[in-house]
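The next block holds one structure in the form of structure tokens; read it before the comments.
Just so it is clear, none of the values below were taken in a lab; they were calculated from the coordinates. These numbers come from a predicted model, not from an experiment. Neighbour counts run over all protein chains shown; Cβ positions are idealised from the backbone, glycine included.
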Amino acid sequence: MSLWPAVLLSLQLATATTIILIVLGMPLAWWLATTRSSVRPVVEAVTTLPLVLPPTVLGFYLLVLLSPTAPIGALWFSLTGTTLTFSFTGLVIASCLYSLPFAVQPMQTAFAAVGRDALAAAETLGATRRDAFRTIALPLARRGVLTAAVLSFAHTLGEFGVVLMVGGNIPGQTRVIAIEIFTAVETLDYRSAHILSGGLLAFSFVVLVAVYILNGRGARTLG
């Protein structure tokens with residue numbers, strides 16, 4: 001059994017998900033870190049929900065929402081002639097929602113640590129809010145952004161429940177590493193299961209070490 005298609009598909013999925021989450025999650029993280037709105041707890045709860053919600057529950061509702069009989073799925077089908085369910089695009093959408101807290105929370109923490117004084121000082125010098133974010137907040141929060149990217153990539157790489165519910169098990173299209181491991185175990189191909197599982201285990205360990213080193217350096221710098 002060739003394992004490379006599942007590995008390459010997983011890398012593509014993790015890369016696409018990470019890029020989208022950083023681009024879309026950064027404004028959300030910035031808003032959560034700076035707003036005083038009364039709806040902030042609600043938005044934070046929705047953002048954090050995938051951490052406590054069983055993946056199969058999230059996957060089930062995404063399967064319903066993205067199906068061709070639902071408004072979103074029907075609109076996509078009318079525009080492209082393809083379905084969101086059991087497709088790579090559907091996997092990207094599901095992965096973005098499932099990994100959202102892993103992207104937003106590190107960036108939110110990093111932006112909150114910047115503080116309001118530096119931004120206020122920049123604004124008194126004539127900088128717009130966008131300029132202050134780009135020249136002050138973002139450089140100071142770069143470790144949080146990098147941590148968010150690393151965690152989002154690693155978390156997406158190991159997804160199982162959500163991607164199985166939304167994408168199924170289609171070789172070359174939706175069969176990612178976690179599903180390949182499941183398939184290998186079902187067919188008693190323990191050699192392939194060991195190779196893929198060991199690879200994910202090693203990768204996860206390296207990612208965690210890198211994140212702890214990164215955060216440790218950031219703490220020493222602030223200290």
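Couple of notes before you dig in:
- Karplus-derived HN-Hα couplings along region 36-47 (A = 6.51, B = -1.76, C = 1.60, θ = phi - 60°), whole Hz, x at Gly and Pro: 10, 5, 6, 8, 4, x, 5, 5, 4, 5, 5, 5
- Scoring 25-31, 186-192 by mean Cβ neighbours within 10 Å over their residues and listing the highest first yields 25-31, 186-192.
- Between 0 and 90°, nearest 10: helix 55-66 axis offset from the chain longest Cα axis: 90
- Taking the longest Cα principal axis of the chain as reference, the axis of helix 190-222 is set at about 0 degrees.
- Cβ-based exposure ranking for 82, 109, in which fewest neighbours within 10 Å come first: 82, 109
- Percentage relative contact order, the chain, counting C-alpha pairs under 8 Å, at least six apart: 29
- In the chain, helices alone account for a calculated mean residue ellipticity at 222 nm of -25000 deg cm²/dmol, with every DSSP H run of four or more residues adding -39,500 (n - 2.57).
- Relative to the dominant Cα principal axis of the chain, helix 4-34 is inclined by about 30°.
- Fewest neighbouring Cβ atoms within 10 Å first, the residues 212, 61, 98 line up as 212, 61, 98.
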